[in-house]
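Step one of this worksheet: look at the structure below.
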Amino acid sequence: VSTLTPNSAYCASLFSDNWNHDDDAGDEIFLDQDPVPFEILLAYMRRGMIKVKDIDTNVLALAEFLGMERLLLAVKVRWYCNIGKGPIVSGDEEIAGAFDQEHGGIPKAISTGLFPYFLKRNEVDVDKDLASMEFSEQGPYISVTIADSNGGVTKSPAVEAGCLVGALNGLHLKGYTKRESQLETANACAYTMVFSCIRHSAIASDARDIFIPAAHEMKIQMEDSSTKQFAMLLENMQNADEVTIAPAEFSDDPQERENPFAVAIFRTRAPLLDNKCFDTREEGYEQLFKRYISETLDHYLPRRRGFGMRDETATQCRIFSRKIHGCKST
């Protein structure tokens, strides 16, 4: 009883003092339900978690019959986020309410063929937000534009003197990690890259934590929760000058550390390139840097800091990345 009543409104009512039952039945209670889904739900009641792969339409129907509100709330939250369409709301109750409003509740969602999206995230027509990063030979060299969900457009905070590293790090921290190559444009003087962020992936929820994901889903979660950080090493091959441009978190300036588009600049090969696992070369970005920026290094490196590369035409650029795990920056 101590397992059933906290998890099921039906069982709580069944075993309440106000429930009249046949004394001749002894201690046995008969439920005219399929034992297979009941066994799955009983295991959930005991441990507080349930495997996604164990949930099917029969399990959901029985959960509704038993009034398992905590589980049903989590199901709606996961389902709504997996479908990836509809208004952005916060709070588990609000998300569940949005699911009911948009899809008519669990039985209606099942009858209209949406159950596969509970099991697996929609990858086809999800709502996305877009951001663009433009390389230009004429200045500001690199600029970032982020389109919000209301159709507005936001220019990034000053991307440090047109810094590629700052632009990439800022976009990744805000969740814009996927290249949308089909939307990118190029001409003789400029190249525009487009990145996307799955809008509903930003929804935070505690309810979804009750689900034990399958192996393939854990892999997807790892990919989703991984963003990259970028760092750059500029080397002058004639006089051995070196400059490291790193993520803002390595800066000594507290204000810069709060700006996801800022950078830390070191007048040497900073040790962080080696001991902070920046070990993946990003040759594609190196080519873009060479094409649009390498001849404008006097603008690229802020003069106010006293950094500059003499004889810019002899400068080589190497860009490195590492994967990090964490939440998106707002």
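Charge tally for Phe278 (other residues, Cβ to Cβ under 13 Å; Lys, Arg +1; Asp, Glu -1): +3.
Counting only protein chain heavy atoms and rolling a 1.4 Å probe, the accessible areas of Thr112, Thr145 rank, largest first, as Thr112, Thr145. Using the Karplus relation 6.51 cos²θ - 1.76 cosθ + 1.60 with θ = phi - 60°, the per-residue 3J(HN,Hα) values for the stretch 92-97 come to 4, 5, 5, 5, 4, x Hz, with x marking Gly and Pro. For the stretch 177-185, the Karplus equation 6.51 cos²θ - 1.76 cosθ + 1.60, evaluated at θ = phi - 60°, returns couplings of 10, 9, 6, 10, 4, 5, 9, 7, 10 Hz by residue, with Gly and Pro reported as x.
Backbone phi angles across the stretch 191-197, fed through the Karplus curve with coefficients 6.51, -1.76 and 1.60 (θ = phi - 60°), yield HN-Hα couplings of 9, 10, 9, 10, 10, 10, 10 Hz in residue order; Gly and Pro are listed as x.
Subtracting the Cα-Cα distance of Arg267 and Thr145 from their residue separation scaled by 0.36 nm leaves 41.0 nm.
Taking each residue as 0.36 nm, the span from Asp54 to Gln101 lengthens on full extension beyond its C-alpha to C-alpha distance by 14.3 nm. Distance between the pseudo-spin-label points of Ala61 and Asp252 (7 Å out from Cα toward the beta carbon): 6.9 nm. Going 7 Å from the Cα of Leu119 in the Cα-to-Cβ direction, what parts of the stretch 43-79 have a backbone nitrogen less than 11 Å from that spot? Correct set: 53-57. Which FRET efficiency, nearest 0.05, do Arg291 and Glu69 yield, Cβ-Cβ r, R0 56 Å? With R0 = 56 Å, the Cβ-Cβ based efficiency is 0.45. All other residues whose Cβ lies under 11 angstrom from that of Ile324 are scored, Lys and Arg at +1 and Asp and Glu at -1, for a net of +3.
The values are calculated or read from the model by the stated rules, or taken from the named source; none is laboratory data. Note that the structure is predicted; figures quoted are calculated from it, not measured. Virtual Cβ from ideal backbone geometry, glycine too; neighbours counted across all protein chains shown. Calculation scope for accessible area: heavy atoms of the full protein, side chains included, ligands and nucleic acids excluded. Shrake-Rupley method; radii C 1.70, N 1.55, O 1.52, S 1.80 Å.
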